[in-house]
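Contents: one structure, followed by commentary.
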Amino acid sequence: MNVAEALLHALRDHGAAEIFGIPGDFALPFFKVVEESGILPLYTLSHEPGVGFAADAAARWRSAPSVAAVTYGAGALNMVNAVACAYAERVPLVVVSGAPGAAEAGRRLLLHHQVKSLDSQMRIYSEVTCDQARLDDPATAPAEIARVLHSCVSRSLPVYLEIPRSVVFEPCPAVAPRPPDPVDPEAVAACAEEVLARLSAARWPVLMVGAEVRRFGLEEKVDRLAQHLGIPVVTSFMGRGLLAHSTAPVLGTYLGVAGDPEITDLVERSDGLLLLGVILSDTNFGISSRRLDLRRAIHAEHGAVTLGFHVYPHIPLRALVDALLARTAPRATAPAPPREYPRYLPRDDQPIQPLDVARAVNDFFDAHGRLPLASDMGDCLFTALDMDNTELVAPGYYATMGYGVPAGLGLQAASGRRPMVLVGDGAFQMTGWELGNCRRYGWDPIVLLFNNRSWEMLRAFQPESAFNDLEDWHFARLAQDLGGVGVRVSTRAELAQSLEMAAETTGRFVLIEVMLARGAMSPTLARYVAGLKAGRGQ
Ligand code: S1T
Ligand code: MG
């Protein structure tokens, strides 16, 4: 076995099931082993941001590592933003970068793709990953790989591995995975008992579930826990899509002033708010209508549990959930009715509003079953909050554009299911072209492109700026040349018909270019903007 094969076997042993990538001369030997060994399937895309976003989505879907393989310098540095998104949103992404060999690194020449020094890339990636290693010695490579992949899985954060091209084919022992980190059972018991005591003493306990519940593969257990606790359940903004198929009474998503007033009131007046795997970010809590005193909450995230003013430092989320389940039992309480989402789109010649897209999608789900959603940043993500609670991958906190289309491809590669992609015209201009790779792999997403010829979210905050006006790129016309089917729709009847066509058109992507007026906003985005402006005293 050589170093590359040892790495590939270790990646698979740690749960990876695919590699997305773009090679380069420093990475050709590694990609050769990937392709010829067949240990993990390789999907090449067209631009490294798309590689990172696709791997991010695959990892979110499977709650396990996925791999983004790139060349040194131009390739790897092109992908930093996507890895930063994965770090911010706790995604176990493994970056594997080719690198110069020892001999060429020792010459007195500046190497192509080199920046300040040959260590610059490692330093840059150390800011967006939780662990790193350069595999320049086959004798130490197995232990380095085991350490870094253990960090990736146990912390659900991205990691970085650099593999110089001179060692790829060097003989190498197999990687022995590290044992799980020890957990103190007495600390877990004490913590679980204190959590349950606080919940039973509360008059309005509420459970809010967040991204880490998905990242650590705990949805089924948390679904059972919700039934044991018998308290209302909401998701955070980033946790949208969690418990989508659960029997627990998920009431909806907490969005502060921008969300359902009943859910906002339930969360903000709670005297026993249990935050499971919730990231304390401004997008999750920045628009609270009242100052949420999070110091009073019970917060389990990042392997620690904070109760009021004290912390249990080493309590993995899985250990806490198991301990809470062991100390509770199912209750016979009738689940609260989940929130009804808008549907029954009128099939008339009225212009389309963002909320109409939500109606059309919910009608589609009723007729053809729910599809997993991949959403970009923009009003399309706020519109998704009016769609049925189905699996959703989206950069809700890090909020980078360009995520939607590549994430949809990663979702289909990982799940084998046809995804629906929500993307604005500005974001599509960035990475929408990755759709050209669908025919190669038989992917067939349904893409809803919100074309308002605008950076509408920016206009909402700064309407006087003309730079928010975008040209009309007529995206639907380009679909056929990229191997798909494209249709532009301007009325609600056309929108409904296009989704019916999409349901019958499989094996190729279907791009539905939804024409929206500049200034047309989803109700959620309108409330979100008003809430933020009010908070800033605007
Ligand atoms: N560049 C990247 C990579 N991500 C970003 N989030 C931004 C810039 C800033 C930004 C937004 S929202 C937005 C930009 C440029 C406009 C999005 O336009 P479009 O995709 O057409 O969606 P919509 O028209 O629905 O707004 C956030 C606030 O940072
Ligand atoms: Mg737009």
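Structural remarks
- Highest to lowest packing among 345-351, 161-167, scored as the average C-beta count within 10 Å: 161-167, 345-351
- Per residue, the convex hull spanned by the alpha carbons of segment 113-195 comes to 116 Å³.
- Dimensions of segment 354-533 based on its C-alpha atoms, expressed as ranges along the principal axes with the largest first, amount to 44, 34, 32 Å.
- Protection proxy ranking, peptides 265-277, 307-319, average beta carbon neighbours within 10 Å, highest first: 265-277, 307-319
- Average accessible surface area per residue within segment 298-379, 1.4 Å rolling probe, Å²: 49
- Length gained on full extension, ALA201 to SER490, computed as 0.36 nm times the residue gap minus the Cα-Cα distance: 98.6 nm.
- Whole-angstrom gap from segment 457-486 to segment 148-204, using each part's C-alpha centre: 42
- Neighbours of ARG453, meaning other residues whose beta-carbon lies under 10 angstrom from its beta-carbon, give a summed charge of -4 when Lys and Arg score +1 and Asp and Glu score -1.
- With K and R counted +1 and D and E -1, the other residues having a Cβ less than 15 Å from that of VAL421 yield a net charge of -3.
- Per-pair calculated FRET efficiency, R0 = 30 Å: ALA102 and ALA176 via Cβ, rounded to 0.05: 0.75
- Both numbers refer to the Cα atoms of the chain; Rg and Dmax are 23.7, 74 Å.
- Segment 346-422 and segment 99-125 have Cα centres spaced 42 Å apart.
- For PHE309 and ASP469, the difference between the fully extended length at 0.36 nm per residue and the C-alpha to C-alpha distance is 52.8 nm.
- If the chain linking ALA526 and HIS112 were pulled fully straight, counting 0.36 nm for each residue of separation and taking away their Cα-Cα distance, it would gain 144.2 nm.
- Protection proxy ranking, peptides 364-372, 183-191, average beta carbon neighbours within 10 Å, highest first: 364-372, 183-191
- With only the Cα atoms considered, segment 3-164 has a convex hull volume of 93 Å³ per residue.
The values are calculated or read from the model by the stated rules, or taken from the named source; none is laboratory data. These numbers were taken from a predicted model, which means no experiment stands behind them. Cβ: placed from backbone, ideal geometry, glycine included. Neighbour counts: every protein chain shown. We work out accessible area using only protein heavy atoms, side chains counted, and drop any ligands, DNA or RNA first. Shrake-Rupley method; radii C 1.70, N 1.55, O 1.52, S 1.80 Å.
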